[in-house]
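Asker: My structure is below; once you've seen it, I'll send some questions.
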Amino acid sequence: MALTKAEIAEHLCETVKLSKRDAKHFVDTFFEVIRSTLENGEEVKLSGFGNFELKNKAERPGRNPKTGVDVPISARRVVTFKTGQKLKARVDDNVSALKKKLVK
């Protein structure tokens, strides 16, 4: 199951007591700030969560899976996400707890 922007907005309505309209606007603005910052070539660092960065990928050889013909994959910029230590620790703790429950 994936968490959607609408569900994030709903959670804000319930926990921070924002109106649905304000919560949706907040979520949309939050993601737009991240998008525009990345478009400008800057990193986005969210303390305790992780970092969004732009990486340049060089052109490389590839292969068309249907025909087997070699084709070049063009150079491009991609967004990467590196998990912060606090988030990584919480996820690891949850995975460990789930494994313990499954073993019992």
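Asker: On the given criteria, is Lys45 surrounded by 10 or more Cβ atoms within 10 Å (Cβ to Cβ), modelled with pLDDT under 95 and among the basic types (Lys, Arg)? Please lay out each step first, then the result.
Answerer: On the way: surrounded by 10 or more Cβ atoms within 10 Å (Cβ to Cβ): yes; modelled with pLDDT under 95: no; among the basic types (Lys, Arg): yes.
No.
Asker: Here is a further query. What tally of residues in segment 49-70 results from selecting those that are surrounded by 10 or more Cβ atoms within 10 Å (Cβ to Cβ) and closer than 30 Å to Leu87 by Cα? Explain how you work it out, then say what you get.
Answerer: At the first step, the residues of segment 49-70 found to be surrounded by 10 or more Cβ atoms within 10 Å (Cβ to Cβ) are 49-54, 57, 59, 62-63.
Narrowing further to those that are closer than 30 Å to Leu87 by Cα: 49-54, 57.
Here the count works out to 7.
Asker: Hey, another quick one. So, Phe52, is that one modelled with pLDDT of 95 or more, assigned to a strand (DSSP E or B) and either outside the structural domain of Asp92 (by the TED database) or in contact with a helix residue (DSSP H, G or I) (Cβ under 9 Å, 6 or more places away or on another chain) (or both) or not? Full working, then the answer.
Answerer: Numbers: modelled with pLDDT of 95 or more: yes; assigned to a strand (DSSP E or B): yes; either outside the structural domain of Asp92 (by the TED database) or in contact with a helix residue (DSSP H, G or I) (Cβ under 9 Å, 6 or more places away or on another chain) (or both): yes.
Criteria met by Phe52.
Asker: Follow-up. Given the conditions (1) more than 16 Å from the chain's Cα centre (by Cα); (2) surrounded by 10 or more Cβ atoms within 10 Å (Cβ to Cβ); (3) of a type in the set (Asp, Glu), and given that Glu7 satisfies all but one, which numbered condition is not satisfied?
Answerer: (1)
Asker: Do we have any residue at all in segment 10-26 that's touching a Phe, Trp or Tyr at 6+ places or on another chain (Cβ under 9 Å) and closer than 19 Å to Leu87 by Cβ?
Answerer: no
Asker: Can you tell me which of Thr37, Thr83, Thr29 is of a type in the set (Ser, Thr, Tyr), under 28 Å from Ile8 (Cα atoms) and touching an Asp or Glu at 6+ places or on another chain (Cβ under 9 Å)? Give the derivation first.
Answerer: Numbers: Thr83 fails: touching an Asp or Glu at 6+ places or on another chain (Cβ under 9 Å); Thr29 fails: touching an Asp or Glu at 6+ places or on another chain (Cβ under 9 Å).
Going through Thr37, Thr83, Thr29 in turn, the sole match is Thr37.
Asker: Looking at the structure I just gave you, is Leu38 touching a residue at least 40 places away in the same chain (Cβ under 8 Å) and either more than 13 Å from the chain's Cα centre (by Cα) or under 21 Å from Gly84 (Cα atoms) (or both)?
Answerer: yes
The values are calculated or read from the model by the stated rules, or taken from the named source; none is laboratory data. On a predicted model such as this, the values are computed, not experimentally measured, just so you know. Because the Cβ atoms are built from the backbone with ideal geometry, glycine has one as well, and the counts that use them run over all protein chains shown.
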